[in-house]
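Data first, discussion second: the structure below is written as structure tokens.
The values are calculated or read from the model by the stated rules, or taken from the named source; none is laboratory data. The structure presented is a predicted model; accordingly, all values stated were derived computationally and were not measured. Quick reminder, even Gly has a Cβ in these numbers, built from the backbone with ideal geometry, and neighbours come from all protein chains shown.
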Amino acid sequence: MNNEGESTHLPLTVYHSGECGNAKNCRYPFTGTGSTPEELRQLFRYDHTLIRFQNNYRSISNFLESATVVLDNDNDHTTDPSKWIPIEDIPKLFPGVFCVVSTSRNHRKQKGDKAPRDRYHIIFPVDPITDADTYTQLTQRIQARYPFFDEKALDAGRFFFGNPDTEVYIFPGDTTIDKYLWDLESEEAFAVMEETIPEGSRNSTLSHAAGKILKRWGDTKEAGKKFLEEAEKCHPPLEREELQQIWSSALKFYRGKVKKQPDYVPPEEYNAPPEIKWEPPIPFTQHTLPEFPVDAFPPAIRDYVLAVAETTQTPVDMAATAALAVLALCQQGKYRIKGKDDWIEPLNLFTVIVAEPSERKSAVIGHMIRAVQQFEAAYNQQHSGAIERSKLEKRMLEKQQRNLEEMVLKGKAQMEDLQDISMQLANFREVMPMRLYVDDVTTEKLTSVLSENKGTAAIVSAEGGIFDMLSGIYTKNVNIDVFLKGHSGDTIRVDRIGRNSESIMNPALTVLLAVQPNVLSGMMSNGTFRGRGLTARFMYCMPHSKVGERKYRTQPIPDEIARCYDLTIRNLLDEGTPQIPELICLTPEADKLLEAFSGEVENKLKNEFSDMPDWAGKLAGAVLRISGLLCRATNAKCADFLDIPESTWVSKEAMAGAIAIGRYFTEHARAAYTLMGADALVKQSQYALDAILKTGLLEFNRRDLMRLCRSFKTADAAQVVLNHLTDLGYLALKDGEQVPIKGRPSNPIYLVNPWLYQKSA
């Protein structure tokens, strides 16, 4: 998003009421202009309009002039989050069109029963409009083509509520929305020029056709002749005066606006078929995924990760990702990390390893979690007596309560006695066995585990069943709030039948999953997971497979390396969980590194991360958490006694390591979001391309492809693949043909990139 810059479309004139949130007001006596996001923010704080009304009184009958048209998008046109239009997509939908976006009051907030989503207004500058009907006709044209705009907010008497927290984005462009629509509609009209023009659509169809004719043949006699030929298709025919008016209006727009555009192409260039400059096509999967930067870990963790990868003959990524999750399991609930005064993160993480069943995921996780299992077993053994005594005491209290209930009913005991024993039972704190993680759990059970473990819990599993459970396959009314709040640290309220409500303050949930690619694909395509931000909370590891390259005899994990890792984990676990998590802070050097990285991520949200803004928006927070984990892990000495220095300051080195890990997860998340989402299209495109090359075709049309690939049951399905192969450079349309914006072409000829045959030769 471009938030700065000068333009001939600026400044915008805004008329406001000086109030905020007053729907009954119709007077807008205050006027201001803005050319920058900050200037416009100040104006959009108030209830406002961009239309000038007579006597500053808003009504359609008082419409005087507007140099903009404004449309509203609350993304209520669909319940499918994947079809919502984020602000980042506006430049793609309106290429080259100048516009300004301001967020509305409920932007990215829960609105009734509707999940948070982007909600905003788009302001399109246009040549001044002095007629209310003309204004409404233009907004209706835009909404008809882009139905995500609110169809109830198109009239010429609209105002917009002020928003003190509005965000303003300026998207530069060389053209206006009316010129852009004129070009699109002209293109579409040309595509259907051979059809009869029936009554009811004659004027609009001819207007669009006139635009296309002028664009192709210019202001010439030939163009006028083509227009009259097109007019002959009207049934019944239009009067000559009407035809003259349509042609004159098109000429005026062409001479006054189209020819003066910086990107104007003369007819002789426009009609010449472009020369195809063949280049190597773009691979279907462009992601070259990096290996995990294991040097970011302290030596005790790094050496063990490398040793596990060697002995299991697996990519180092798997053990490294599991190591991060184990570090989070050890430290969650004990520490929180402060990025700045208004930004504090817990130290728990959600991680997922994506690999096929034969990739030894379980073996790797088993090695990494073994030290945790040993600590848990030793604790429970040491406290077994207290645990059993506690169970017995609780059973005795429960029995006393039951006996007193019967005696009270028979009049043999006082209610005060029952109330006393019930209070003892309610306040009884059972000594529970240590349970540092679970591997198969429902959301209800997970809530209980969090409650029993002072607000901390972990899920460690080499199966993908947890996603099936969360999606409601096995049970209805699944509540994923436990996962969402467990990640963010927001309070979880627990309501149990027969017991008082309980609040889990500062919950911390760590998740380590190892799943198959098809499970990830289902997760990424789940509208609820994506819409509510569950997918955005995971760190994705998609390691390169070593199947087929693995050695039989491998180096076992050296005893000293295993001992150092085990002691490091034990010391981290042995710190205990304080009532209030201790705060980790950043050194000035670490703070500067994080600030620079956060700025880098923010800049990429408008382009590189436009397909995964939900995930990238949480990246800086994830890096901050990882830096805290590395800070404490670095200070944990692998000695036979608890020896962890009190330092709770993240060093420059720890932050640099966390950023390196963040960059690793970024590329893997990009693969998870794009490759999995496009998996079906990639397979279909590869199938079609293989068939084309096997046949040796140099050129073909869509019908040829459908005869060649019987899996394409409809022309539309084949066209999607053809468009994809063309976009990637495997094919090109012959003689400069273009696929229309709307609908399918009749049956154009496609050329095959000769580079493909040179490669196979």
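In the set Arg550, Arg530, Arg570, which member is modelled with pLDDT of 90 or more and either assigned to a helix (DSSP H, G or I) or under 30 Å from Ser358 (Cβ atoms) (or both)? Write out each step before concluding.
Details: Arg550 fails: modelled with pLDDT of 90 or more; Arg530 fails: modelled with pLDDT of 90 or more.
Answer to the check: Arg570.
Ala654 falls short on exactly one of the conditions (1) more than 22 Å from Trp755 (Cα to Cα); (2) free of Cβ contacts under 8 Å to residues at least 40 places away in the same chain; (3) assigned to a helix (DSSP H, G or I), and that condition is (2). Checked against (1) at pLDDT below 80; (2) closer than 23 Å to Leu251 by Cα, Thr196 passes all but a single condition, namely (2).
Looking across region 28-55, the residues that are farther than 29 Å from Pro172 by Cβ and either part of a helix (DSSP H, G or I) or without any contact (Cβ under 8 Å) to a residue 12 or more places away in the chain (or both) come down to Gln54, Asn55.
Ala562 falls short on exactly one of the conditions (1) buried (at least 19 other Cβ atoms within 10 Å of the Cβ); (2) touching a helix residue (DSSP H, G or I) at 6+ places or on another chain (Cβ under 8 Å); (3) more than 20 Å from Phe665 (Cα to Cα); (4) not aromatic (Phe, Trp, Tyr), and that condition is (1). When Gly333 is tested against (1) under 32 Å from the mean Cα position of the chain (by Cα); (2) outside the structural domain of Glu463 (by TED's automatic domain parsing), only condition (2) is not met. Consider region 588-632 and keep the residues that are hydroxyl-bearing (Ser, Thr, Tyr) and outside any loop (DSSP other than H, G, I, E, B). The one that is farthest from Ile170 (Cα to Cα) is Ser627. Of all residues in region 38-51, at least one satisfies being more than 24 Å from Asp127 (Cβ to Cβ), surrounded by 17 or more Cβ atoms within 10 Å (Cβ to Cβ) and either among the hydroxyl-bearing types (Ser, Thr, Tyr) or not assigned by TED's automatic domain parsing to the domain that holds Val97 (or both). Answer yes or no: is there a residue in region 56-69 that is surrounded by fewer than 23 Cβ atoms within 10 Å (Cβ to Cβ), part of a loop (DSSP other than H, G, I, E, B) and touching a Lys or Arg at 6+ places or on another chain (Cβ under 9 Å). Looking through region 56-69, at least one residue is surrounded by fewer than 23 Cβ atoms within 10 Å (Cβ to Cβ), part of a loop (DSSP other than H, G, I, E, B) and touching a Lys or Arg at 6+ places or on another chain (Cβ under 9 Å). Exactly one residue among Asp174, Asp150 is at pLDDT below 90 and surrounded by fewer than 20 Cβ atoms within 10 Å (Cβ to Cβ), and that residue is Asp174.
Is it the case, given these coordinates, that Arg117 is farther than 21 Å from Leu40 by Cβ, assigned to a helix (DSSP H, G or I) and among the charged types (D, E, K, R)? The answer is no for Arg117.
Rundown of residues vs (1) surrounded by fewer than 15 Cβ atoms within 10 Å (Cβ to Cβ); (2) more than 30 Å from Val352 (Cβ to Cβ); (3) touching a helix residue (DSSP H, G or I) at 6+ places or on another chain (Cβ under 8 Å), yes/no style:
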site	(1), (2), (3)
Ile369	no, no, yes
Asn380	yes, no, yes
Ala386	yes, yes, no
Ser390	no, yes, no
Glu406	yes, yes, no
Lys410	yes, yes, no
Ala413	no, yes, yes
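Ala355: modelled with pLDDT of 95 or more, under 28 Å from the mean Cα position of the chain (by Cα) and small (Gly, Ala, Ser), yes or no?
Numbers: modelled with pLDDT of 95 or more: no; under 28 Å from the mean Cα position of the chain (by Cα): yes; small (Gly, Ala, Ser): yes.
For Ala355, the condition - modelled with pLDDT of 95 or more, under 28 Å from the mean Cα position of the chain (by Cα) and small (Gly, Ala, Ser) - is not met.
Counting residues in region 132-147 that are in contact with a Phe, Trp or Tyr (Cβ under 8 Å, 6 or more places away or on another chain) and part of a loop (DSSP other than H, G, I, E, B) gives zero.
Checking Met505 against (1) exposed (fewer than 15 other Cβ atoms within 10 Å of the Cβ); (2) at pLDDT below 75; (3) among the hydrophobic types (A, V, I, L, M, F, W, C), which test does it fail? So the condition that Met505 fails would be (2). Close contacts from region 716-727, counting a first residue that is under 10 Å from Ser685 (Cβ atoms) and not assigned by TED's automatic domain parsing to the domain that holds Leu693 and a second that is in a helix (DSSP H, G or I) and aromatic (Phe, Trp, Tyr), with Cβ to Cβ under 9 Å and a gap of 6+ residues or different chains, come to none at all.
Contact annotation: residue pairs with Cβ atoms under 8 Å, 6 or more positions apart or on different chains, pairing a residue in region 367-378 that is in the same structural domain as Glu310 (by TED's automatic domain parsing) with a partner that is among the acidic types (Asp, Glu) and modelled with pLDDT under 90, are Phe375/Asp574.
When the test is whether a residue is small (Gly, Ala, Ser) and touching a Leu at 6+ places or on another chain (Cβ under 7 Å), Ser59 does not pass it. If only residues of region 644-690 that are hydroxyl-bearing (Ser, Thr, Tyr) and modelled with pLDDT of 80 or more are counted, the one that is nearest to Glu600 (Cα to Cα) is Thr666.
On inspection, Tyr540 passes the criterion of being in the same structural domain as Arg336 (by TED's automatic domain parsing), among the aromatic types (Phe, Trp, Tyr), under 20 Å from Ala616 (Cα atoms) and at pLDDT 85 or above.
Please go through region 7-27 and pick out each residue that is in contact (Cβ under 8 Å) with a residue 60 or more places away in the chain and assigned to a strand (DSSP E or B). Once the filter is applied, which keeps residues that are in contact (Cβ under 8 Å) with a residue 60 or more places away in the chain and assigned to a strand (DSSP E or B), region 7-27 yields Leu12, His16.
The condition of being modelled with pLDDT under 85 and surrounded by 18 or more Cβ atoms within 10 Å (Cβ to Cβ) holds for only one of Phe712, Phe700, that being Phe712. Here is a check on your reading of the model: is Ser362 assigned by TED's automatic domain parsing to the domain that holds Val308, at pLDDT 85 or above and at negative phi? The answer is yes for Ser362.
Among (1) exposed (fewer than 14 other Cβ atoms within 10 Å of the Cβ); (2) β-branched (Val, Ile, Thr); (3) modelled with pLDDT of 80 or more, there is one condition Val511 misses while meeting the rest; what is its number? Result: Val511 passes all but (1).
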